[in-house]
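Right, one structure below, let's go through it.
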Amino acid sequence: MNAPLVLEPPVVENEDSAKWRQIVEGARAVFMARGFDAASMGDIAKAAGVSKGTLYVYFKDKDELFNAIVHKECRIQAEGIFELDVTDPDVAGTLRRTGIAFVQALCAYGRQSAVRAVIAIADRMPHVGRTFYETGPAVGIAKLQAYLEAQVAAGRLVVEDCEVAAAQLIESFHALLFKPVLFNFAPPPPLERIEHVVTIAVKTFMAAYGKK
């Protein structure tokens, strides 16, 4: 029986190098096209345009490579989008802008491949799924929760449980939008559709939690 894969934060000193990024992009293409199990280090080296020797200078095995891709994908989704200005009194406007940016990033063409790859191996390698969740969705929920708590303290919102409210709002942001793309039922939604769904989500949220 294979030992469970334990994902540790990847070595970061090479992340700014063009070669590191070249390898990660090549590996990402292979993993997303073939899945984790079918991908080989030889395939990855070929896709990245490097020798296998060079590949092993940066990554000891494909587990470590996949780990780097998971962390990179999660950072892309978490960075910037949920950095909210707690001093802005326009809570509805802030949440609407955040929701639109979040759904655009979530539904961007090709972004779902990483989610599918993680789901495909999460039963056999639960640490992969846990790491993906902890460094991606959980970060977004925590940052939005902190923002809501600040708005409650400022007297702009009345929320009993900011963690639950944050999680529910994030889910409502992408209702009818993300899952059809994830399961290849539909292409990424147009901006007008995203704005429509997010606007309804924010109106519903403010009706429930806005200061009366």
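The values are calculated or read from the model by the stated rules, or taken from the named source; none is laboratory data. Predicted model only: the values in this text are computed from it and were never measured. Note that each Cβ is placed from the backbone with ideal geometry, even for glycine, and that neighbours are counted across all protein chains shown. Each accessible area value is taken on the protein alone, full model and side chains, heavy atoms only, with ligands, DNA and RNA left out. Shrake-Rupley method; radii C 1.70, N 1.55, O 1.52, S 1.80 Å.
Return the FRET efficiency for the residue pair residue 64, residue 164: r is the Cβ-Cβ distance, R0 is 41 Å, and the value is rounded to the nearest 0.05. Mind showing how you got there, number by number?
Details: r = 36 Å, r/R0 = 0.88.
Given R0 = 41 Å and the Cβ-Cβ separation, E is 0.70.
Quote the FRET efficiency, to the nearest 0.05, computed for residue 154 versus residue 101 with a Förster distance R0 of 25 Å and r equal to the Cβ-Cβ distance. Walk me through the numbers before you get to the answer.
Working: r = 23 Å, r/R0 = 0.90.
Once rounded, the FRET efficiency stands at 0.65.
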Quick one: go through region 140-156 and flag any residue whose amide nitrogen is under 20 Å from the point 7 Å out along the Cα-to-Cβ line of residue 87.
144, 146-156
Keeping all protein chains in the complex and leaving out DNA, RNA and ligands, what accessible area do you get for residue 123 with a 1.4 Å probe, in Å² to the nearest 10?
150 Å²
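Around residue 106, under 12 Å between beta carbons, what's the net of Lys plus Arg minus Asp minus Glu among the other residues? Don't skip to the answer; put the middle values down first.
Values: positive: 111, 179; negative: 73, 171.
With Lys, Arg at +1 and Asp, Glu at -1, the neighbours total 0.
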Gaussian network model of the chain, Cα within-10 Å springs - most flexible of 190, 137, 126
190
For Cα extents along the principal axes in Å, pick the label among [x] 64, 38, 25; [y] 64, 37, 34; [z] 56, 35, 30 that corresponds to the value derived from the coordinates.
[y]
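Once you've got the Cα coordinates, tell me which of 19/72; 143/179; 19/46; 19/60; 19/62 are over 18 Å apart. Provide the component values of the computation, followed by the final result.
On the way: 19/72 15 Å; 143/179 23 Å; 19/46 14 Å; 19/60 15 Å; 19/62 16 Å.
Those over the limit are 143/179.
How much net charge surrounds residue 186 when only the other residues with a Cβ under 13 Å from the Cβ of residue 186 are counted, with Lys and Arg +1 and Asp and Glu -1? Write out the running numbers ahead of the final one.
Values: positive: 179, 193; negative: none.
Local charge sum for residue 186: +2.
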Heavy-atom accessible area of residue 71, protein chains in place, probe 1.4 angstrom, given in Å² to nearest 10, is 30 Å²
Order 198, 86 by their accessible area, 1.4 angstrom probe, all chains in place, largest first.
86, 198
Where chymotrypsin sites (Phe, Trp or Tyr not before Pro) in DSSP loops with at most 10 other Cβ within 10 Å are excluded, longest remaining stretch of the chain:
1-108
Computed on Cα atoms, the radius of gyration and Dmax of region 78-127 in angstrom are 15.3, 46
Calculate, in nm to one decimal, what residue 196 and residue 22 gain on full extension: separation in residues at 0.36 nm each, minus their alpha carbon distance.
58.9 nm
At the level of C-alpha centres, the distance separating region 44-115 and region 138-212, in angstrom, is 20 Å
If you add up the charges near residue 116, with Lys and Arg at +1 and Asp and Glu at -1, over every other residue whose beta carbon is less than 13 angstrom from its beta carbon, what do you get?
+3
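Where does the chain land at 222 nm, in deg cm²/dmol rounded to the nearest 500, when only DSSP H runs of n ≥ 4 count, each adding -39500 (n - 2.57), divided by all residues?
Values: 11 runs with 139 residues, N = 212.
Rounded to the nearest 500, it is -20500 deg cm²/dmol.
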